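Report on one structure; see the data block that follows.
The values are calculated or read from the model by the stated rules, or taken from the named source; none is laboratory data. Here the structure is a predicted model, which is why all the values come from computation and not from measurement. Cβ atoms come from the backbone with ideal geometry, glycine included; neighbour counts cover every protein chain shown. Keep in mind that these areas ignore ligands, DNA and RNA; they rest on the heavy atoms of the full protein, side chains included. Shrake-Rupley method; radii C 1.70, N 1.55, O 1.52, S 1.80 Å.
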Amino acid sequence: MQRYSGFGLFKHSLSHHENWQKMWRTPTPKKVYDVVIVGGGGHGLATAYYLAKEHGITNVAVVEKGWLGGGNTARNTTIVRSNYLWDESAHLYEHAMKLWEGLSQDLNYNVMFSQRGVYNLCHTLQDIRDSERRVSANRLNGVDGELLDGKQVADEIPYLDCSKNTRYPIIGATVQRRGGVARHDAVAWGFARAADALGVDLIQQTEVLGFRKENGVCIGVETSKGFIGAKRVGVVTAGNSGHMARQAGFRLPVESHPLQALVSEPIKPIIDSVIMSNAVHGYISQSDKGDLVIGAGIDGWVGYGQRGSYPVIEHTIQAIVEMFPVLSRVRMNRQWGGIVDTTPDACPIISKTPVPNLFFNCGWGTGGFKATPGSGNVFAASLAKGEMHPLAAPFSIDRFYNGALIDEHGAAAVAH
Amino acid sequence: MLHIFCPHCGELRSEEEFHASGQAHIPRPLDPNACTDKEWGDYMFFRDNPRGLHHELWNHVAGCRQFFNATRNTVTYEILETYLIGTQPQFTEQAASVAPTATREQGEKV
Amino acid sequence: MSQTHRLPNGGRVDRNKVLTFTFNGQQYKGYEGDSLAAALLANGVDIIGRSFKYSRPRGIYAAGAEEPNAVLQIGATEATQIPNVRATQQALYQGLVATSTNGWPNVNTDMMGILGKVGGKLMPPGFYYKTFMYPKSFWMTYEKYIRKAAGLGRSPTQNDPDTYDNMNHHCDVLIVGAGPAGLAAALAAARSGARVIVADEQEEFGGSLLDSRESLDGKPAMEWVAKAIAELKGLPDVKLLPRATVNGYHDHNFLTIHERLTDHLGDRAPIGQVRQRLHRVRAKRVVLATGACERPLVYGNNDVPGNMLAGAVSTYVRRYGVAPGKKLLLSTNNDHAYRVALDWLDAGQNVVAVADARSNPRGALVEEARAKGIRILTGSAVIEARGTKRVTGARVAAIDLKTHSVTSPGEWLECDLVATSGGYSPVVHLASHLGGKPTWREDILGFVPGEAPQKRVCVGGINGVYGLGDSLADGFEGGVRAASEAGFKAVEGVLPKALNQLQEATVALFHVPHEKGTARAPKQFVDLQNDVTAAAIELATREGFESVEHVKRYTALGFGTDQGKLGNVNGLAIAARSLNVTIPQMGTTMFRPNYTPVTFGAIAGRHCGHIFEPVRYTALQAWHVKQGAEFEDVGQWKRPWYFPRNGEDLHAAVKRECQAVRDSVGILDASTLGKIDIQGPDAREFLNRIYTNAWTKLDVGKARYGLMCKEDGMVFDDGVTACLADNHFVMTTTTGGAARVLQWLEIYQQTEWPELKVYFTSVTDHYATLTLSGPNSRKLLSEVTDIDLDREAFPFMTWKEGLVAGVPARVFRISFTGELSYEVNIQADYAMGVLEKIVEAGKKYNLTPYGTETMHVLRAEKGFIIVGQDTDGSMTPDDLNMGWCVGRTKPFSWLGWRGMNREDCVRDQRKQLVGLKPVNPTQWLPEGAQLVFDPKQTIPMTMVGHVTSSYAHNSLGYSFAMGVVKGGLKRIGERVFSPQADGSVIEAEIVSSVFFDPKGDRQNI
């Protein structure tokens, strides 16, 4: 792998940047792999990378129907945090957080992980109770978190309307200072480049059409470019997981909904951190380019169109102007939608399936980006050993039968 | 924003008046106590989630408050029909390939 | 000197109305009818800003929505700042204040420009992914400096003084664009009697005709436009919206229009007027007449001020009477652009030459130019421009299109304006918002709208129909089609005659070759706003970014506020050639709303502040305010939280209120509790199925508490339901859960058990509920009611009808405080009068109003739960120690029963609700605090539960709490610990959750 550095940039500038290598190869699929990952998004690419790096399994293919990182990885609002309520979630996301903290160096690719702090605003007394509960749990789990009162919030977040004139006055907030944002595309590309360098085949423009089984056991995938054999198959296809499961002959406790987001025109920095409010329903951060990156809620119906309904956008903008009235004259540039795979308890499914040797990693809903390295890491370990990694084990499909749900939205943690 | 024909009101109204309530035609098991945990979990949580035609339950919350079903394409978002609870859809995944796309929305007054 | 570049005559400006404005602190003059860009050009302003990445000087490049450079800050005061206004779309007004958004100390001598020159080489696309990684801890520092360069304009830092509106419409035909095709469509549709809306983004209707040299019926084309507008205005169901951009095409023919009502008058709307309006339109049919957008050729130094889109030059000359230079050199690959040379000549200016990439052009305009003696260099193109702050010359050389190479050394021509035209791109944005993939048409070298299920018609330029006569006919026919599809009978009409001129095909040239090769040639910009060069795109493909989305994302092509209106097709062409595929194989990126940016305020409309969401008050709100209540938000309700007296704080007030209830009597406004009237012969059976407990034996006149669970067995609401008659019940729900519960009842009745005859009506707002609670409540109530309140005659958990304060009332003897209590329900209209009489009578009992906080304390002392505070969607009735409320033998398998018997729900060691008593009675356990058994464990600690409710100030005299603890009910008497943020640990004893009057004597007196 051609190593990246400031010096490298300088050297290449002397040859007018004509000699940069390809970041990854365009290989022809082999007949059979040790592991085939279906889905070349952030999670899938991370899985492939950690399989190669941590488990020495390099005979791996990632099969992607479109382009690398082209699904939700390319469409999210890039927020990273680990301040989840329940132990199972907190441990998983904190595992991811620790990987984020060294990811640029590990991949030799600057993913611009920027720990600008993530604030969750409290507007009601119940918000305060829920926040204390979450922060207190975070602290005892080794996840950083603080509960701020209204005055501290006003001091820390300029231009946030902390007056009593708002519909739901802000009375406090939690902050995770290690939380922040990362550059979404770079995460996919960084994992892709590093995985490729370790020998992983990244096979783009190839759609998986089904799973081939022998005696009920998965032995590979049928693709638009023919059959590819595999000892184990890991499906990491986010919004399309339900569709993939159907091809494999079972159903998932998952519904795919549009999740919308939008950006403003680029403006000079005015929002330094990530600010989220569940009560008024909107969240905002500002990219290094100057765009305000704003998230909206999910649409209530199943949708695969990568777009949702206008009222969701409308309501989100109302929430943003309600929180930051000074932004009223700023303009919205662009909106879009992703397809998020939601589960009944707002927690992912990282699990074996009814089909032996076929594993699924899905159900990340509105919050998958932040888990990318952690999700890939534990899924890789599970695929390598054929047994679920301890951090992944609680996220089995079985919980929807026996009732051991990890109810993150019941616990009022924001899910983004 | 979807435009939905409420079969109770007999009018096309904007999505803002409605609430989507998930997959339709999932009857509650008649004897829940006879269900295994697995069967009960299937009933509560597992869904078809199709990429294509979806039969789904809607509630005209800001209108007549009545529930009804709709057949909607989850990729194009076209609504092919809405129909009353207890009745069956005309459009199904099997029939869809032969059924022409409706040139007029149900209830469209032209 | 003023307006040095203003032509002596011509243009649609009013030369009698002189307007003064400032740009970067300097004062200038322009005319009414000018755009800000036109006025700046009239004054010879070359440099309008500095580029984003390389800090290169930039000038005005276009004349409309596609402008990438002239993105300015507007606003005379802090509160009225508007970031990122395109000068080309901003009408000039008296006193306009504009500034550049980048450049230090100013745009003319910019220090960053030097850095850009030196550092630019180190900044290929994606350079930031390749560096700033070491040392690890430094990224936040690097980023601080990167962020300094972020953004174009700035947000105001004061609140917006203006008002915005939303407006809903239904129409038969919405016409987008009021150029020739759009107006023809509008006439056709409107004449049929259809309800028509015509929206156009420009200051006035006319589109391309506003600066056209062409005539209609032998008269200037704008005369026909004026006639058309007059006719449309005279029709009753036609709405004309100039300054209104259709920005988004959403599902099922829902479109949004952003209308700028006063931006042409000032940075702040005149008093009483709305600044901008967002129209929300549901259209039966849509006619897209959005036209086409000229694209530039990509050549060396094509960003130096003085390079301009050919059509823009014509616009400035013909529409504004401004000559943006003296000596024009045109580089084109098509016929239409020749009009620029002719317009320039007509304006008495000097045309240096026309470089035409075609070898033997013979179109009508070409011949006209030739006849007028304009030098035409065929088979050639401008290879590179020269100049730093303004073009001083350009090199024209022969090129070979097949081999993409320069075939002659060429000739440097002196000029100060290079007009460039690389053909036309149909404006397919709106047509593609819903995913219809645009189709490439080789004959017009542009993408046209693809197939889409929407009920829309595309007419004119968007279809690649460019001739004026054809466009009018296409528009008219489209209007007829739309109207008839919407159910109207079209009327025949006569169209004006346009001159039919021979027009030859455009030749495929996007990126002009350079003999040095792309990487070494002078910078050839593709996306001016984001400083994306042809070399950058080639590099991206070299590095393996092969999909169009990858190229876009890696280079930032098309990410600007113009969303790549000028650059995208050129970028595609460059990537396609580099990857050796065709343009259609490359495909386009997704088109998304908005077409042009929309003000947040306009989208939000009036839905901010107190109407962000409706505020719900009870009928007694005025009284609460008079009593000095502090309020708490509960759902959409404002509820009195506590009633401070004489400067009391929360704790003092609550302590006093609690004591008053325990000692004498208090009054609570409980009107916000949800109330659902349930009637029908099967009402009782329905309750049996929906509640966890049994309702079969509840007699008329009695009331019962019930829990509701979801199918998973988790508690989600609770309340008391009273039996009014055998087929008539009234249910109460939690304040926040009222709507949810009603919907819950409806869905089961309508979809699962339609055979049950039962009907639900929300009556929350119809009744006010006054709760009198305390040992003196009977005495007090007896003074204002005719109801027999005798202990035996009116026992606990029953209700009676009668008069209270002379008003018909339902009185429930139920208690949420543990004290003797009566809940008085009266029609909301009478509530204030009833309250006043009770208060009057209550004086001698020291009747004390209390709020939600005291209610919470008192119920907690009794161990009563609050759903949503003591529960969280993961608790079964047994977890809450409320197994007594579970009908285990009910014949019907009610909602929740099967769920709460799943494997994980019946296991040992589930978290259970218990009382918690801090060992130190003055210590308060924070609500939400986590609990552990072993406070000495290292992190991560094993958490065994948390505090759900906790009160230090109460009637008990010691701090107490409720909480959930793993296996807590079997651990009564044991200790738990709560480690705090400050390192301290609060120790508490697990106790019964009933702290006060465990036998319940007091509510039974």
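Other chains near A:15-27: what is the mean number of their Cβ atoms within 10 Å of each residue's Cβ? The partial results should precede the final answer.
On the way: counts 2, 10, 13, 8, 2, 8, 3, 6, 9, 3, 1, 2, 0.
Average per residue, whole number: 5.
I'd like the mean, over residues of C:589-597, of how many other protein chain beta carbons sit within 10 Å of each residue's own Cβ. Write down the numbers at each step before the final one.
On the way: counts 0, 4, 1, 8, 9, 6, 0, 2, 8.
Mean shielding by partner chains, rounded to a whole number: 4.
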| Which whole number gives the average count of other chain Cβ atoms within 10 Å of the Cβ atoms across peptide C:920-930? | 4
| query | At a Förster radius of 41 Å, what calculated FRET efficiency corresponds to the Cβ-Cβ distance of residue C:230 and residue C:503, to the nearest 0.05? | reply | 0.85
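Give me the summed buried accessible area for the B-A pair, 1.4 Å probe, to the nearest 100 Å². Walk me through the intermediate numbers first.
Values: alone 7640 and 18000 Å², together 23190 Å².
Buried surface at the B/A interface: approximately 2500 Å².
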| field | Spin-label model distance (nm) - residue C:14 vs residue C:401, 7 Å beyond Cα toward Cβ | value | 4.7 nm
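Send over a whole-number figure in Å² for the accessible area per residue of the stretch C:711-832, probe 1.4 Å. Write out the running numbers ahead of the final one.
Working: 4350 Å² over 122 residues.
Ligands and nucleic acids excluded, the figure is 36 Å² per residue.
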| note | Given a 1.4 Å probe, the accessible area of the stretch C:211-326 per residue, as a whole number of Å², is 29 Å²
| Hey, got a sec? Which trypsin sites (Lys or Arg not before Pro) in the stretch C:929-977 land in a DSSP loop and have at most 13 other Cβ atoms within 10 Å? | C:936
| Setting aside same-chain residues fewer than 8 positions from residue C:17, which lysines have a Cα under 28 Å from its Cα? | C:29, C:219, C:227, C:233, C:326
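What's the FRET efficiency of residue C:726 with residue C:451 using the Cβ-Cβ distance as r and R₀ = 51 Å, to the nearest 0.05? Mind showing how you got there, number by number?
Details: r = 62 Å, r/R0 = 1.21.
The formula returns an efficiency of 0.25 here.
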| field | Where the Cα pairs of the stretch B:1-41 fall when distances are cut into 10 Å bins, in % | value | 23, 31, 19, 24, 4
| remark: Output ordering of C:428-441, A:153-166 (per-residue mean of other Cβ within 10 Å, highest first) is C:428-441, A:153-166
| field | Solvent-accessible area of residue B:35 with every protein chain in place, 1.4 Å probe, in Å² to the nearest 10 | value | 20 Å²
| Antiparallel bridge percentage (DSSP; both residues within the stretch C:237-347; nearest 5) | 95 percent
| query | So which residues of the stretch A:246-265 lose at least 40 Å² of accessible area, probe 1.4 Å, when you go from the chain by itself to every protein chain present? | reply | A:246, A:251, A:255, A:265
| field | Rounded to 10°, Cα long-axis angle of helix C:468-485 versus longest principal axis of chain C | value | 30 degrees
| message | Modelling each spin label as a point 7 Å along the Cα-to-Cβ direction, I'd like the residue C:884/residue A:155 distance in nm, to one decimal. | response | 4.9 nm
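Ignoring ligands, DNA and RNA, how much accessible area is buried between chains A and C, both sides summed, with a 1.4 Å probe, to the nearest 100 Å²?
Numbers: alone 18000 and 42500 Å², together 50130 Å².
Chains A and C together bury roughly 10400 Å² of accessible area.
Out of the stretch C:841-929, which trypsin sites (Lys or Arg not before Pro) are coil in DSSP terms and have no more than 11 other C-beta atoms within 10 Å? Spell out each step's value before the answer.
Numbers: sites: C:843, C:844, C:859, C:862, C:888, C:898, C:902, C:907, C:910, C:911; in loops: C:862, C:888, C:898, C:902, C:907, C:910.
Those that pass, being in a loop and sparsely packed, are C:888, C:907.
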| task | Project the alpha carbons of the stretch C:67-211 onto their principal axes and report the range along each, largest first, in whole Å. | result | 71, 36, 33
| task | Report, to the nearest whole %, how much of the accessible area of the stretch B:20-64 belongs to carbon and sulfur atoms, 1.4 Å probe, protein only. | result | 55 percent
| field | Within the accessible area of the stretch C:846-956 (1.4 Å probe), percent carbon and sulfur | value | 53 percent
| task | Please give the per residue accessible area of the stretch C:609-681, computed with a probe of 1.4 Å over protein heavy atoms only, in Å². | result | 40 Å²
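Please give the calculated 222 nm ellipticity per residue for chain C, where each DSSP H segment of at least 4 residues contributes -39500 (n - 2.57) and the sum is spread over every residue; nearest 500 deg cm²/dmol?
Details: 22 runs with 199 residues, N = 1005.
Only helices count here, giving -5500 deg cm²/dmol.
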| said: Show me the chymotrypsin sites (Phe, Trp or Tyr not before Pro) within the stretch C:950-996 that DSSP assigns to loop and that have at most 16 other Cβ atoms within 10 Å of their Cβ. | reply: C:958
| request: Grab the beta carbon distance between residue C:892 and residue C:158, set R0 = 51 Å, and tell me the FRET efficiency rounded to 0.05. | output: 0.25
| query | Roughly how many percent of the accessible protein surface of the stretch C:316-409 is carbon and sulfur, given a 1.4 Å probe and a whole-percent answer? | reply | 51 percent
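Please list C:404, C:169 from largest to smallest accessible area, probe radius 1.4 Å, with all protein chains kept in place. Numbers along the way, then the final one.
Working: C:404 50, C:169 25 Å².
Ranked list, largest accessible area first: C:404, C:169.
Quick one: grab the alpha carbon gyration tensor of the stretch C:449-502, order the square roots of its eigenvalues as a ≥ b ≥ c, and give me rounded if a/c is under 1.5, else prolate or oblate depending on whether a/b is larger than b/c.
Judged from the Cα gyration tensor, the stretch C:449-502 comes out oblate (a/c at least 1.5, b/c at or above a/b).
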| request: Along Cα→Cβ, 7 Å out, is where each label goes; now give me the distance between the ones at residue C:94 and residue C:273 in nm to one decimal. | output: 1.3 nm
| field | Whole-Å distance, taken between Cα centres, linking the stretch C:330-351 and the stretch A:198-235 | value | 59 Å
